[in-house]
There are 2 protein chains.
Amino acid sequence: MASTASTGNPFSVSLSSRKASFSKPSSPAEVSLRVQSSNASSLRTSFVSNSSIELTRGANSALKSSTVRSRTGIMASSAQVVDQPSSKTGPVAPTVVDVDLGNRSYPIYIGSGLLDQPELLQRHVHGKRVLVVTNTKVAPLYLDKVVEALTRDNPNVSVESVILPDGEKYKDMDTLMKVFDKAIESRLDRRCTFVALGGGVIGDMCGYAAASFLRGVNFIQIPTTVMAQVDSSVGGKTGINHPLGKNLIGAFYQPQCVLIDTDTLNTLPDRELASGLAEVIKYGLIRDADFFEWQERNIQALMARDPAAMAYAIKRSCENKAEVVSLDEKEGGLRATLNLGHTFGHAIETGLGYGNWLHGEAVAAGMVMAVDMSYRLGWIDDALVKRTTNILKQAKLPVAPPESVTIETFRSVMAVDKKVADGLLRLILLKGPLGNCVFTGEYDRKALDETLHAFCKS
Amino acid sequence: MASTASTGNPFSVSLSSRKASFSKPSSPAEVSLRVQSSNASSLRTSFVSNSSIELTRGANSALKSSTVRSRTGIMASSAQVVDQPSSKTGPVAPTVVDVDLGNRSYPIYIGSGLLDQPELLQRHVHGKRVLVVTNTKVAPLYLDKVVEALTRDNPNVSVESVILPDGEKYKDMDTLMKVFDKAIESRLDRRCTFVALGGGVIGDMCGYAAASFLRGVNFIQIPTTVMAQVDSSVGGKTGINHPLGKNLIGAFYQPQCVLIDTDTLNTLPDRELASGLAEVIKYGLIRDADFFEWQERNIQALMARDPAAMAYAIKRSCENKAEVVSLDEKEGGLRATLNLGHTFGHAIETGLGYGNWLHGEAVAAGMVMAVDMSYRLGWIDDALVKRTTNILKQAKLPVAPPESVTIETFRSVMAVDKKVADGLLRLILLKGPLGNCVFTGEYDRKALDETLHAFCKS
């Protein structure tokens, strides 16, 4: 890796893993759980002027291991489970990943059958009124189940719901107002809880509505897509799109908990599944070489929806995201690295019109462009470019933008990116061995031009 | 005062007063300033169940005194200045009141000619881009002056402005979108600063826009009405109205500073001035008996816009508000007491249609209703009812709601008030001697009914 001036401003890792203990004696899916995570990762961050952050991880940082004990006494390391996928079926004991943000910390529950464990949700509902925000696709599949989980043996709680049209193109102010209308017509008060049931669009809109309704009410994320489970539901970024750019209006607002029932993936279309894997692959590229290598070995299992492989990919992604968010909630620098490929990707989404490509598809093409640019800058070697393209192809994701998106579109959309600071566009680029990246405005503009010309016909 | 069960949960006063030191050698209005505030107030707060907060102040709590030293060596106590208004003209040394919120603390600058001291504003602008949000009434009067203050000897900063239509009825989502449109078209980035130049509507909208644009950018309040200077610009409540109720959509979001140039009041219509005095009177009623008595002695000076009296009323109001906000930023309880008369008042504003009565006019009538209800409950004596009505009449404020607002309107609007918790409407009511109030849902419903019937024809 190229040597850079360090100002000696290291982050210290503060991710904590909660020791959780559940018991649910009356349920057939009776489980008790203890999770211990060892965080052996080493992380060094140095700042290069105000506009550049460099991130290095030890190449041999250990995979985090979780010891999960079911009431039947079976012990398993999740790392073992995944390389040799288990074939057991039925409810899997939930894993808990904590997002450590002081008095705004919250747990991410991950597992099969969690929507059949009402106490998980109910412990995070304050007050007597709940508004479930969902969409026309998810409501017929899971709304009844969620209402049941919120109200079973809980007669004091009443649940309203608002069902929005499905798709990124409805992530706008008009649709957001429907949430406020419903909340106000239902006379919800400050002690109510909003529940986001759906993918990233629903999570972002419901979260922003919760942040803004009566200047802030509780909310819970129940993500039902890989994209939302591994990325958008964790970390408190909420918001809506503006015709001129994605997520330009929103808030940092943390949920009470994130409940990931991996069973909801059973109804997810293949294309949506692949879209979510783009973000999983991103974590490997920017900060977790071991995880990337695990993905290279397990990409076929993931595409085949092997439950154990999928559960591990979700857990490891959430751990990566939780760690970054704990260190840099408001995106002072480090958190921006989670946006590898997103600046190019947003230009693709905006240029095509929201909803024509899925978010992860645009990010996949964007990551290939960022990796190409990193190579042109001499910051990574050729092998990493090939490995990136290979794994994305195996995940059936695009590795180039659509022809209709022009250089001019890229330039104009990238100019209003949130990572522009005082007129300078900062990008996330890979630098050094696999698992290392920088967030910087200090790069040769020629490399960006060359990448745009290489990938765009006009 | 009626004795109530105390749970021994006292707040401690943590308002701090900043020692400020300015020098501006090149100006004819050359001043240096030292402010010291002694906070001799005693404050006892006890909780009565979850839905009730009782607030008592020692009846003899000392007026805060500020020692202001000008470069010419004149010493004056602001309390003296006010009871014997000084006739000196020209710029008055700014007073600084701090809002103590940890790493989100900020100063309120109060004084004459502050917009002619560019360094006050410029020290709080980060980055190179500023967006001034103002309206059609204020822009012709002060926009050029503010742009000059932001840019004088400061060539790196460029200023955009967006001029909204004037009035409470434009405090809505459509108008808010114009701020986002302008910010995005101007390609502002996260390091920009929004400046609210105007009254309460502008401050609330600009603040919410700043909270939401790119998930949060810096902002500065330059309030130009008494209402905004003594109340809405301080404390970080931002938001917009919904057709079904006021301020139902918004955020708690603190500014970098509040700059109150009392010269801007020279252009304020009489009706707007009186509207602001309603909030000044409120501080006396709920928590500051000495201030209320000072107002009784000085109400004619305030109505005549005596500069020293006005400056003192603004400073003492800001101190009261800063103290409350420092103790309870997110309105867990104590802060709700600042809404004396507002629940009734919001019903009047909503019932009449936004903008027919000014906010302070509705609050004045609402305070009379709250005081009437407090008397019916046996919580205050008759004399306090009369004193309240008297001072509001002298301020040429209404002391009853308009005939067109019915009991049914009051009931339906109050049902969606932000202070409803799990279906129970909590109100701010006076209890005990002047300067004491409670925030409670525990009151005889009959008293509320009687008050509504006493004030409404139908």
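Let's see how each residue does on (1) more than 24 Å from residue B:419 (Cα to Cα); (2) within 14 Å of chain A (Cβ to nearest Cβ); (3) open to solvent by 10 Å² or more (accessible area, probe 1.4 Å):
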| residue | (1), (2), (3) |
| --- | --- |
| B:183 | yes, yes, no |
| B:253 | no, yes, yes |
| B:276 | no, no, no |
| B:284 | no, no, no |
Is it the case that some residue within segment A:382-394 is of a type outside the set (A, V, I, L, M, F, W, C) and either under 30 Å from residue B:210 (Cα atoms) or in a loop (DSSP other than H, G, I, E, B) (or both)? no
Residue hits (segment B:286-297; assigned to a helix (DSSP H, G or I) and buried (at least 22 other Cβ atoms within 10 Å of the Cβ)) are B:286, B:287, B:291, B:292, B:295
Give the residue, chosen from B:148, B:119, that is of a type in the set (Asp, Glu) and either within 14 Å of chain A (Cβ to nearest Cβ) or farther than 25 Å from residue B:98 by Cα (or both). B:148
Would you check if there is a residue in segment A:149-160 being acidic (Asp, Glu), under 22 Å from residue B:176 (Cβ atoms) and assigned by the TED database to the domain that holds residue A:252? no
Out of the residues in segment B:391-417 that are surrounded by fewer than 20 Cβ atoms within 10 Å (Cβ to Cβ) and within 14 Å of another protein chain (Cβ to nearest Cβ), which is nearest to the chain's Cα centre (by Cα)? B:415
Quick check on segment A:358-372. Is at least one of its residues at pLDDT below 95 and surrounded by fewer than 22 Cβ atoms within 10 Å (Cβ to Cβ)? no
Filter result (free of Cβ contacts under 8 Å to residues at least 24 places away in the same chain and either outside the structural domain of residue B:206 (by the TED database) or closer than 26 Å to residue B:362 by Cα (or both)) within segment B:161-179: B:174
Which residues, counting only those in segment B:334-357, are at positive phi and either buried (at least 24 other Cβ atoms within 10 Å of the Cβ) or within 14 Å of chain A (Cβ to nearest Cβ) (or both)? B:341
Go through segment B:185-204 and give me each residue that's away from chain A (no Cβ under 13 Å) and either open to solvent by less than 10 Å² (accessible area, probe 1.4 Å) or within 21 Å of residue A:415 (Cα to Cα) (or both). B:194, B:195, B:196, B:197, B:198, B:202, B:203
Is there a residue being in a loop (DSSP other than H, G, I, E, B), small (Gly, Ala, Ser) and touching a helix residue (DSSP H, G or I) at 6+ places or on another chain (Cβ under 6 Å) anywhere in segment B:135-151? no
On the given criteria, is residue B:348 in a helix (DSSP H, G or I), farther than 16 Å from residue B:410 by Cβ and not assigned by the TED database to the domain that holds residue B:102? no
Matching residues, segment B:418-427, being within 11 Å of another protein chain (Cβ to nearest Cβ) and either open to solvent by less than 20 Å² (accessible area, probe 1.4 Å) or touching a residue at least 24 places away in the same chain (Cβ under 8 Å) (or both): B:418, B:419, B:420, B:421, B:424, B:425, B:426
Just the residues that are within 17 Å of the chain's Cα centre (by Cα) and more than 16 Å from residue B:431 (Cβ to Cβ), please, taken from segment B:355-375. B:358, B:359, B:360, B:361, B:362, B:363, B:364, B:366
Per-region count, segment B:213-246, residues farther than 25 Å from residue A:187 by Cβ, outside any loop (DSSP other than H, G, I, E, B), open to solvent by less than 10 Å² (accessible area, probe 1.4 Å) and within 14 Å of chain A (Cβ to nearest Cβ): 1
Among the residues of segment B:255-273, which ones are crowded, with 23+ Cβ neighbours inside 10 Å and either in contact with a Cys (Cβ under 9 Å, 6 or more places away or on another chain) or within 19 Å of residue B:345 (Cβ to Cβ) (or both)? B:258, B:260
Sole miss for residue A:435 among (1) touching a helix residue (DSSP H, G or I) at 6+ places or on another chain (Cβ under 6 Å); (2) of a type outside the set (D, E, K, R); (3) in a helix (DSSP H, G or I); (4) over 30 Å from residue B:128 (Cα atoms) is condition (3)
Would a scan of segment A:107-114 turn up a residue that is closer than 28 Å to residue A:176 by Cβ and open to solvent by 10 Å² or more (accessible area, probe 1.4 Å)? no
Filter pass, residue B:406 being touching a residue at least 60 places away in the same chain (Cβ under 8 Å) and out of contact with any strand residue (DSSP E or B) (no Cβ under 7 Å at 6 or more places or on another chain): no
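The values are calculated or read from the model by the stated rules, or taken from the named source; none is laboratory data. Just so it is clear, the model here is predicted, and its values are computed rather than measured. So basically every Cβ, Gly included, is an ideal-geometry build from the backbone, and we count neighbours across all protein chains shown. All accessible areas refer to the heavy atoms of the entire protein, side chains included, with ligands and DNA or RNA removed. Shrake-Rupley method; radii C 1.70, N 1.55, O 1.52, S 1.80 Å.
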